[in-house]
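To start, the structure itself, in structure tokens.
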Amino acid sequence: MKKLGITLSSFIIDEQRKLGNKASGQFTGLLNDITIACKSIANLVNQGDLAGVLGATKSENAMGDVQKKMDLIANDLFIDALENNGHCAGMASEELDEILTLPEGKPRGKYLVTFDPLDGSSNMDINMDVGAIFSVLRAPADKENPTAEDFAQPGTEQVAAGYCLYGPSSMMVLTTGNGVNGFTLCSSIGEFILTHPHMEIPSDTSEYAINSSNQRFWEAPVQKYIEDCNQGEEGPLGKRYNMRWVAAMVGEIHRILCRGGVFLYPIDERNREVGGKLRLLYEGNPMAMIVEQAGGAANTGYGRIMEVQPNGDPHQRVPVIMGSKNEVEKILSYHAAD
Ligand code: F6P
């Protein structure tokens, strides 16, 4: 008989055991809450139109993006999973204008959670990859209700980060600061099973991911790097590059974790004033922690993403260059030379 394997729940409990008496079990409980939200979302995403979850709503989020039906459903599922169990003290979601404190009377936990409940949601209606991204921070010990400033912690303070990719199979990829592990959802028993232990990003690559339709707006170093990539063997980089664009960051980062690559959403002339396109708390920091923990690099072009000091706006944006270490360093040399 095929063995069951290591479930995500037993993996998390085992991690807790390693901490001996220092662990209260709250962190384990919190990750379990997040897992439940992701499983519920996976179930709806997999059913697609059969569950009536495709299409847009009439509302926009704080960043002015039209919200898809599934954005709001996934957001509610995260909140529902996190606000009832006493593991979390507050949440920040890409889909909410303000941070969320817990309703009166609900038990407070030691952690803050930030999440993008359905990253790449424009892929939902075309049955392509979407995902959830989350990050766990410590809540201030002395406050009943955390404020936006309490979420303004640099990415280096993250206790854990992860994503759940809803692709051909659903996968949870998680780091608690001790490497990166990937778990595949077995739909017949409803459990994530460890299938990708110790994920490591190859240091070298010849694959990049960038939305080329923005080319004319990119900053000069990125223009030059992509131009050099596209010259292939005859160009200064001396090799042929391949390009991929899933249009969901979760999909891009998962591919990079599996076979290497670089993902860029750089500063461009239209978003320079607001700092970039992707969000520091929901996308930049959690993905940077995962990528670095898997041996890759994550930079803005001007410094480590995880060292960016948040400005207190939960929707702060950041330029993103992340993936295979040597290739990220190559891109940084274009910035240094600019
Ligand atoms: O919300 C951000 C996001 O959907 C990312 O997941 C993705 O990488 C990017 O935006 C796609 O951007 P574009 O619309 O430029 O293809």
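When the residues of the range 297-328 are filtered to those that are of a type in the set (Lys, Arg) and out of contact with any Lys or Arg (no Cβ under 8 Å at 6 or more places or on another chain), which remaining residue is farthest from Val274 (Cα to Cα)?
Here the answer is Lys325.
Which of the strands (runs of 3 or more DSSP E) found entirely inside the range 142-237 contain at least 1 residues meeting this: closer than 19 Å to Gly301 by Cβ?
Output list reads 207-209.
Hey, could you check the range 115-137 for residues that are open to solvent by 20 Å² or more (accessible area, probe 1.4 Å) and in a loop (DSSP other than H, G, I, E, B) and say which is farthest from the ligand (Cβ to nearest atom)?
That would be Asn127.
Lys3 passes all but one of (1) assigned by TED's automatic domain parsing to the domain that holds Asp150; (2) of a type outside the set (Phe, Trp, Tyr); (3) open to solvent by 40 Å² or more (accessible area, probe 1.4 Å); which number fails?
With respect to (1) assigned by TED's automatic domain parsing to the domain that holds Asp150; (2) of a type outside the set (Phe, Trp, Tyr); (3) open to solvent by 40 Å² or more (accessible area, probe 1.4 Å), Lys3 is out only on (1).
Picking from Ala298, Ala209, which residue would you name as being surrounded by 14 or more Cβ atoms within 10 Å (Cβ to Cβ), closer than 25 Å to Met124 by Cα and not β-branched (Val, Ile, Thr)?
The unique qualifying residue is Ala209.
Among what's in the range 57-102 and is among the acidic types (Asp, Glu), open to solvent by 50 Å² or more (accessible area, probe 1.4 Å) and out of contact with any strand residue (DSSP E or B) (no Cβ under 7 Å at 6 or more places or on another chain), pick the residue that is farthest from Thr147 (Cα to Cα).
Asp65
Specify which of the listed residues (Pro168, Pro146, Pro154, Pro140) is in the same structural domain as Ile99 (by TED's automatic domain parsing) and open to solvent by 50 Å² or more (accessible area, probe 1.4 Å).
After applying the criteria, what remains is Pro168.
For the range 247-338, list the strands (runs of 3 or more DSSP E) that sit wholly inside it and hold at least 3 residues that are away from the ligand (no atom under 12 Å from the Cβ) and free of Cβ contacts under 8 Å to residues at least 60 places away in the same chain; which are they?
297-299
The values are calculated or read from the model by the stated rules, or taken from the named source; none is laboratory data. Worth saying up front: this structure is predicted, and the values here are computed from it rather than measured. Counting neighbours? That spans all protein chains shown, and the Cβs are built from the backbone with ideal geometry, glycine included. Ligands, DNA and RNA are excluded from the accessible area calculation, which covers all protein heavy atoms including side chains. Shrake-Rupley method; radii C 1.70, N 1.55, O 1.52, S 1.80 Å.
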